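One structure below.
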Amino acid sequence: MTAGEGLLPVADRGAVRRAGVRLVRADGRAFAAALLLNALASAAGLAGPWLVGRIVDEVRAGHGTGAVDRLALGIVLCALAQLLLARWARYVGHRFGERTLARVREEYVERVLALPASVVERAGTGDLTARGTADVAAVGTTLRDVGPELLVNSVQAVFVLGAVFLLDPLLGAFGLVCLAPIQLALRWYLRRARDAYLAEGAATSRVAEIVAATAAGARTVEAFRLRERRTAASRNALAESRRTRLYTLRLRTVFFPAVEVTYTVPVVGVLLLGGWLHARGAVGVGAVVAAALYLRQFTEPLDQILIRVEQLQSSGASFARVEGLAQAPRGESGGGSAGPADDRIDVRGVRYAYERGGEVLRGVDLTVRPGERLAVVGPSGAGKTTLSRLLAGIDRPGSGTVTVGGVPVAELAPELLRRQVVLVTQEHHVFLGTVRDNLLIAEPAAGDAELWAALAAVDADGWVRDLPDGLDTRLGAGGRPTDGSQAQQLALARVVLADPHTLILDEATALLDPTTARHTERALAAVLHGRTVIAIAHRLHTAHDADRVAVMEDGLVTELGTHEELVAAGGAYAALWRTWHGEHGETGDTDQQSAYRT
Ligand code: ADP
């Protein structure tokens, strides 16, 4: 089964295997050391039963107690050696696991950050969160505990079986045949387990997705009385999750008891065959005793392996989901031939529909010239914000293209995209970290001088200088709190640092108090200087000041031209302008007040 629609890809078996090999290779020496130590420990462990067999033979031969004592001492020493070697092997194994887990985590973060915004938007945060938490944790458990134990037990199992063969090939072969039922049970189980655990993981993602979405949109849910519907959706997701979990539980309840019973088969079989062979003088009693002891010993690592194989299955599914990110559509990275040729933004035949609801954009064509200031106006719900998201590469059009310099915007990797197009809204996030961390997001290579210059450009150098540790002051939860205008200044300083040639301004929530607004205007002016600006104008004076105005109505660009041309043409824009001008020109309305009206 693959992930549901909209979810991120899941790695197939081959990709998972290659990723596993790559991780082992990355820390190959530690892995080899763990393997060697385990082999030594297992070899030491094998001496015990063999020495017991020798004792039996010595006693039967009627030799003195001296030889028996020496053999017994040998057993003690071997057990001690095994203990120490096994502990050392585990230590090395766990260290390998921890380092590899760190690698998996780092890769995950890097891959998530490299995802184009449009992919993240489509996938939803639930899936990414589930993969980054539950799945990475499951992989972590495997690497930290399951992996090293599996290694210990596999090596032991191979050695034990090998020892029985060495004692007597016939007994060894027979013991192996007696293990066949376990193999059948294992095959039955494995054939179902991967898909079952993948389904379980996908169901978990869906629950996380729905809960996260409901929590994030709690106000909307309340306002539109969607409670019932959200509750029903949650209930369905939970029911699905429960169903998938019950199925994997059933697989386990069939598999483990079956295996438990079959453990005794090889021991009994070898004892019977050994007795028969001994009666014919084909083997010594010592060899039979040792073989039976080995096979009894064999059940222990086998049991551990089977328990771990089951964990390996579920964490293998998790790993497939974590590794699946590697197959997510990647951004066009720099260097390649596909970099944008110039700064021209082209919108061609763009149609777009949200997952629920009809078409919001119904064939938009628009060319924005480098350096131009274009205002997009129109009634609420016309699709202006949607267009701005497509222009900024946050989402990709259903059909048609949005390109910058000939390259689809949504396919640009983040580090390339922010050189081209940046969306500036009134929604700003201050990241947990220092002022410097908050700024370096936009330009990791920037030096302090550049950071200060960017802060000065948006009028923020003053308050940052007053902070106790300047650029190194921690912000956000647990650190120094920032107010709305500071958050906005930081966001704008990031834009200055990223230095994109095109800015998209969405003034949708420009409900700022006058002081903040004045600050913002000044900061914005610095940011906008010399850039191509596409302003989603909810206030008509923005349109008046722009080079060209595009009017959007019902998902289409219906008028396009300069303010004067459109007023002269006497269409929708002219009507809009007359109404607005009539209202605002005489009352001396401020921008802030007018923002409430549109
Ligand atoms: P504008 O910015 O011009 O007001 P929008 O682009 O915000 O227009 O919205 C256009 C249409 O798309 C509206 O009918 C709105 O209800 C719908 N819409 C906006 N966002 C979503 C969404 N996330 N899911 C579904 N429909 C949406």
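Give me the extension gain from residue 453 to residue 177: residue separation times 0.36 nm, minus the current Cα-Cα distance, reported in nm with one decimal.
Stretched out fully, the residue 453 to residue 177 stretch lengthens by 91.7 nm.
State, as an integer percentage, the relative contact order of segment 337-594 based on alpha-carbon contacts under 8 Å between residues 6 or more apart.
Once divided by the residue count of segment 337-594, the mean separation gives 25 percent.
At 1.4 Å probe radius, can you tell me the per residue accessible area of the chain in Å²?
49
How large is the accessible surface of residue 450 in square angstrom, using a 1.4 angstrom probe and rounding to the nearest 10?
100
Could you work out how far apart the two model spin labels at residue 541 and residue 463 are, taking each label as a point 7 Å from the Cα in the direction of the beta carbon, and quote it in nm?
Computed distance between label sites residue 541 and residue 463 equals 2.3 nm.
What FRET efficiency do you get for residue 346 and residue 226 if R0 is 30 Å and r is their Cβ-Cβ distance, rounded to the nearest 0.05? Mind showing how you got there, number by number?
Numbers: r = 38 Å, r/R0 = 1.28.
The formula returns an efficiency of 0.20 here.
Given a 1.4 Å probe and heavy atoms of the protein chains only, how would you sort 547, 506, 554, largest accessible area at the top?
Ranked list, largest accessible area first: 554, 547, 506.
Calculate, in nm to one decimal, what residue 184 and residue 243 gain on full extension: separation in residues at 0.36 nm each, minus their alpha carbon distance.
18.7 nm
Where does each of 271, 113, 71 land when they are ordered by accessible area, with a 1.4 Å probe and the largest first?
Heavy-atom accessible area, descending, gives 113, 271, 71.
If amide H atoms are built 1.01 Å from N in the plane of the peptide, which residues on other chains or at least 5 residues away come under 5 Å of the amide H of residue 424?
Hits under the 5 Å cutoff: 504, 505, 506.
Quick check for you: which residues of segment 195-238 have the amide N under 15 Å from the point 7 Å beyond the Cα of residue 254 toward its beta carbon?
Within reach of a label on residue 254, which here means backbone N under 15 Å from a point 7 Å along Cα→Cβ, segment 195-238 contributes 195-197.
Counting Lys and Arg as +1 and Asp and Glu as -1, what is the net charge of the other residues whose Cβ lies under 12 Å from the Cβ of residue 246?
It works out to a net charge of +3.
Given charges of +1 on the Cβ of Lys and Arg and -1 on the Cβ of Asp and Glu, with all other atoms neutral, how large is the dipole of segment 217-341 about its Cα centre, in debye to the nearest 20?
On the way: 16 positive and 9 negative charges, 150 e Å.
Result for segment 217-341 is approximately 720 debye, rounded to the nearest 20.
By how many nm would the segment from residue 278 to residue 432 lengthen if fully extended, with 0.36 nm per residue of separation less the alpha-carbon distance?
Once the chain is fully extended between residue 278 and residue 432, it gains 47.9 nm.
Just add up the charged neighbours of residue 531: K/R +1, D/E -1, any other residue whose Cβ is under 11 Å from the Cβ of residue 531.
Around residue 531, the charge tally is -2.
With helices defined as uninterrupted DSSP H runs, which ones in the chain have an alpha carbon span along their own long axis of at least 24 Å and mean Kyte-Doolittle hydropathy of at least 1.0?
Passing helices, by number: 147-167.
Tally up the carbon and sulfur contribution to the accessible surface of the chain as a whole percent, 1.4 Å probe, everything protein left in place.
58
Accessible area, 1.4 Å probe, largest first: how do 482, 473 sort? Don't skip to the end; give the middle numbers.
Details: 482 40, 473 5 Å².
The most accessible residue leads, giving 482, 473.
Taking 7 Å along the Cα-to-C-beta vector as the label spot, tell me the residue 568-residue 526 distance in nanometres, rounded to one decimal.
Using points 7 Å along Cα→Cβ, the separation is 3.9 nm.
Hey, what number do you get for the chain at 222 nm if only DSSP H runs of n ≥ 4 count, each worth -39500 (n - 2.57), divided across all residues, to the nearest 500?
One gets -21500 deg cm²/dmol as the mean residue ellipticity at 222 nm.
Work out the FRET efficiency for residue 446 and residue 472 from their Cβ-Cβ distance, taking R0 = 22 Å, and round it to the nearest 0.05.
Values: r = 15 Å, r/R0 = 0.67.
Once rounded, the FRET efficiency stands at 0.90.
How much accessible surface does residue 276 have with a 1.4 Å probe, in Å² rounded to 10?
Its heavy atoms expose roughly 140 Å² to the probe.
How far apart, in nm, are the 7 Å Cα→Cβ label points at residue 326 and residue 399?
In this crude spin-label approximation the distance works out to 3.7 nm.
All other residues with a Cβ under 14 Å from the Cβ of residue 480 taken together, and with Lys, Arg as +1 and Asp, Glu as -1, what is their net charge? Please report the intermediate quantities before stating the final value.
On the way: positive: 436, 465, 474; negative: 437, 466, 469, 472, 483.
Combined, the nearby Lys, Arg, Asp and Glu give -2.
What is the antiparallel percent of DSSP beta bridges lying wholly in the chain, to the nearest 5?
Once the DSSP bridges in the chain are tallied, antiparallel ones form about 50 percent.
List the relative contact order of the chain as a percent without decimals, with contacts defined as Cα pairs under 8 Å and 6+ residues apart.
Details: 920 pairs, mean separation 92.4, N = 598.
Computed over the chain, the figure is 15 percent.
Which value, in Å² rounded to 10, gives the accessible area of residue 441 with a 1.4 Å probe and all protein chains present?
Per-residue accessible area (residue 441): approximately 80 Å².
Given R₀ = 45 Å, FRET efficiency for residue 113-residue 380 by Cβ-Cβ distance, to 0.05?
Taking R0 as 45 Å, the efficiency between residue 113 and residue 380 is 0.85.
Compute the label zone of residue 216 within segment 353-394: residues whose backbone N is under 15 Å from the point 7 Å along Cα-to-Cβ.
From segment 353-394, the list is 355-356, 394.
The values are calculated or read from the model by the stated rules, or taken from the named source; none is laboratory data. Predicted, not measured: the structure shown is a model, and the values here were computed from it. Backbone-built Cβ (ideal geometry, glycine too); neighbour counts: all protein chains shown. Areas reflect the complete protein model, heavy atoms only, side chains present, ligands, DNA and RNA absent. Shrake-Rupley method; radii C 1.70, N 1.55, O 1.52, S 1.80 Å.
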